[in-house]
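**Q** So that we are looking at the same thing, I have put the structure below in structure tokens.
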Amino acid sequence: MDLNLKNKIIVVSGSAGKEGSIGETIINRLADEGAIPVLVDRNARGFEYVERLQKRGVNSLFVQTDVTDPVAIENAVKVIGAKYGRIDAIINNVGVNDGAGLDSSYEDFMNSLKLNVVSYFLLAKYALPYLKESKGNILNIGSKVALTGQGGTSGYAAAKGGVLGLTREWAVDLIQYGIRSNAIIIAESYTPAYEDWIKTLPDGETVLKKINKSIPLESRMTKTEEIADTALFIISEKSSHTTGQFVFVDGGYVHLDRALISDVN
């Protein structure tokens with residue numbers, strides 16, 4: 001399907017994670033659609049990713065940015081604006097389940113909020129003049145933790161709850177400008193970060209099998225490609241009358257009857 005994203009300037013935060021991460025998958029899917037992926041991340045890996053894209057003939061830009069720093073994000077948007085003169089959509093993709101729980105310090109809790117939700121606010125705030133001009137849209141990547149809890153991760157849970165609140169608030173706030181705001185909610189996706197976590201467990205393979213069994217559809221985790229494809233559809237004109245929505249890409253993990261989960265799956 002042609003999503004009409006050719007030459008659209010799409011800014012993706014948290015897009016320089018390891019190969020196979022959600023952000024990295026999104027930028028490659030954008031490139032496949034002929035869009036212009038703009039990477040915003042603190043990891044220098046982004047330079048390598050942009051170089052690869054450029055070798056494919058893809059127009060792309062990496063702005064190395066500490067997304068917890070308001071000045072850095074403002075400057076990043078200025079750099080993007082100076083190069084392209086427009087922004088058609090932003091995808092807020094930052095997310096680190098950092099384990100800042102009730103036993104953590106105030107500073108750790110606040111740092112979790114700064115990374116996992118304040119960065120979303122800042123990118124939307126500074127990109128807003130461009131989005132108004134383009135009648136662009138905002139897509140926030142959320143987590144089931146905002147709805148189900150997880151335990152031991154107060155900062156991340158609070159932040160992801162805030163992400164959903166902002167998604168609806170911005171849909172209301174920006175409807176007068178024709179700007180759409182939506183969120184994707186992810187449950188279990190086998191990203192490199194997830195794999196790293198599994199490897200830290202003494203019985204990681206057993207835990208992984210149990211998690212897979214808990215997912216109603218096909219007893220498997222969501223592929224990052226499935227998340228990326230949904231993201232591209234939502235920011236595209238093919239989803240032009242969708243705003244204020246939480247789209248679950250989770251194999252039925254959050255909503256479907258637990259009776260679907262059995263040993264025969």
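**Q** Along the Cα→Cβ direction, 7 angstrom out, place labels at Gln176 and Glu237. What is the inter-label distance in nm?
**A** 2.7
**Q** How far is the Cα center of the stretch 75-89 from the Cα center of the stretch 172-191, in Å?
**A** After rounding, the separation between the Cα centres reads 21 Å.
**Q** Suppose R0 equals 41 Å; then what is the FRET efficiency for Leu260 and Asp2 from their Cβ-Cβ distance, rounded to the nearest 0.05? Could you put the intermediate results ahead of the total?
**A** Numbers: r = 35 Å, r/R0 = 0.86.
That pair, Leu260 with Asp2, gives E of 0.70.
**Q** Using only the Cα atoms of the stretch 45-101, build the gyration tensor, take square roots of its eigenvalues as a ≥ b ≥ c, and label the shape rounded, prolate or oblate: rounded if a/c is under 1.5, else prolate if a/b is larger than b/c, else oblate.
**A** Numbers: a/c = 2.24, a/b = 1.41, b/c = 1.59.
Verdict is oblate for the stretch 45-101.
**Q** Determine the per residue accessible area of the chain with all protein chains present and a 1.4 angstrom probe, expressed in square angstrom.
**A** Numbers: 12640 Å² over 265 residues.
For the chain, the per-residue accessible area is 48 Å².
**Q** Now, a different point. Report the calculated FRET efficiency for Asn212 and Gln245 (r = Cβ-Cβ distance, R0 = 25 Å), to the nearest 0.05.
**A** Working: r = 27 Å, r/R0 = 1.10.
Rounded to the nearest 0.05, the efficiency is 0.35.
**Q** Further, regarding this structure: May I ask you to derive the relative contact order of the chain, considering only C-alpha pairs under 8 Å and at least 6 residues apart, and to give it as an integer percent?
**A** Details: 504 pairs, mean separation 49.8, N = 265.
Relative contact order for the chain comes out at 19 percent.
**Q** Simple spin-label model, 7 Å along Cα-to-Cβ: Lys135 to Thr200 in nm?
**A** 4.7
**Q** Filter the GluC sites (Glu not before Pro) in the stretch 209-262 to those in DSSP coil with at most 14 other Cβ atoms within 10 Å of their Cβ, and list the result. Don't jump to the answer; show the numbers that get you there.
**A** Working: sites: Glu218, Glu225, Glu226, Glu237; in loops: Glu218.
Qualifying residues, ordered by number: Glu218.
**Q** Just in the stretch 165-237: which trypsin sites (Lys or Arg not before Pro) are loop by DSSP and have at most 11 other Cβ atoms within 10 Å? Walk me through the numbers on the way to the answer.
**A** Values: sites: Arg168, Arg180, Lys199, Lys209, Lys210, Lys213, Arg220, Lys223; in loops: Arg220, Lys223.
Those that pass, being in a loop and sparsely packed, number zero.
**Q** When the chain is fully extended, how far beyond the present Cα-Cα distance does Glu226 get from Val71, taking 0.36 nm per residue of separation? Working shown, then result.
**A** On the way: separation 155, 0.36 × 155 = 55.80 nm, distance 3.35 nm.
Contour length minus the Cα-Cα distance gives 52.4 nm.
**Q** I'd like the distance separating the alpha-carbon centroids of the stretch 209-265 and the stretch 111-170, in whole Å.
**A** First find each Cα centre; the distance between them is then 19 Å.
The values are calculated or read from the model by the stated rules, or taken from the named source; none is laboratory data. Since this is a predicted model, take the numbers as computed values, not measurements. Methodologically, a virtual Cβ is constructed for each residue, glycine included, from the backbone with ideal geometry; neighbour enumeration extends over all protein chains shown. Heads up: the accessible areas ignore ligands, DNA and RNA and are worked out on the full protein's heavy atoms, side chains in. Shrake-Rupley method; radii C 1.70, N 1.55, O 1.52, S 1.80 Å.
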